[in-house]
Amino acid sequence: MFWLLAILAYLLGSLSFAILLSRLTGNPDPRSSGSGNAGATNMLRLAGKKLAILTLLGDLCKGLLPVLIAGVAGLSLQDQAWIGVCAVIGHLFPLYFRFRGGKGVATAAGMLLGLYPPAALMAVCAWLLTFYLTRTSSLAALIATPLTLPLLAWQEPAALLPMSTLTGLIVWRHRGNLRDLFAGRERHF
C-alpha cells in the first residue's frame, strides 16, 4: 500500500496548477515569464490574485490529499510523511511538464497540514510575518519551513526525518533566491 500511495502522490504532485491554469486562461507559461517558477507567487505577478489563489489552493490540496488518504489507509505517521514528500517531489519535478516545476512550498504546507496542523499553522504564521516585514516570498519560505523542525522533533518525531528531507529540498530549490538575497537582488512585492 505504501508504494502504491507514494506513486499516486508523485503523479498527483506532478499536476502543476500554475501551468494548467495559465494554459486554460491564455496567460504565459509561468516557467518562462516572471520569476520562471510554476507557483502561486509567480502567478500573482503574471496573472493576478484569482489565478494565484487557485494555484495556491490546488498546490496545497495535492500535498494534503495523499497524506489524508495514507492516514485513512492506516499507514504510520512516518509513512504518511514520506508519501507527502513524494507529492512535493512531483511538484518540484513534474512528470507531465518535462520535470520543470515549482519550489514546493504550498504543496509542503498541505502535507504538513495533513500531518500535524499546529506545525502548519506555525509555518503559515512565520511565512506571513516574514512576508509582511520583508515583502519577499522566498525569504518567507526559507524561514518558515525550517521553523517547523523543532516543533516536530518535540511533538511528532516520526515526521522529523521526512520533513528534514523536505526542508533540504525546498532550500535547494531556492538556491538562486538565496544568491539573490545575499546579493541584494531578490524580487520584492
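No value in this document is a laboratory result; all are computed from the given coordinates. Keep in mind it's a predicted model, so treat the numbers as computed, not measured. Quick reminder, even Gly has a Cβ in these numbers, built from the backbone with ideal geometry, and neighbours come from all protein chains shown.
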Seminar exercise, completed: Whole-percent tail of the Cα-Cα distance distribution for the chain, cut at 31 Å, equals 12
Exercise. Treating the beta-carbon of each Lys and Arg as +1 and of each Asp and Glu as -1, no other charges, what is the dipole magnitude of the chain about its Cα centre, to the nearest 20 debye?
Worked result: 740
Exercise. Counting each DSSP H run of 4 or more residues in the chain as -39500 (n - 2.57), what helix-only mean residue ellipticity at 222 nm follows after dividing by all residues, to the nearest 500 deg cm²/dmol?
Worked result: -24000 deg cm²/dmol
Problem set entry | Listed residue (8, 35, 145) projecting farthest to the positive dipole end of the chain, Cβ model | 35
Problem set entry | ³J(HN,Hα) computed for each position of the stretch 113-128 - Karplus, 6.51 cos²θ - 1.76 cosθ + 1.60, integer Hz, glycine/proline x | 4, x, 7, 7, x, x, 5, 5, 4, 4, 5, 5, 4, 5, 4, 4
Seminar exercise, completed: Among 58, 74, 102, the residue with the largest mean-square fluctuation in a Gaussian network model of the chain built from Cα contacts under 10 Å is 74
Problem set entry | Between the stretch 1-36 and the stretch 126-189, the alpha-carbon center distance in angstrom | 21
Seminar exercise, completed: Diffing the stretch 85-90: the Karplus 3J(HN,Hα) column from phi (6.51, -1.76, 1.60, θ = phi - 60°), in whole Hz with x for Gly and Pro, holds 4, 4, 5, 5, 4, x
For this session: For residue 62, list the lysines whose Cα falls under 17 Å from its own Cα; do not include residues on the same chain fewer than 8 positions away.
Result: 103
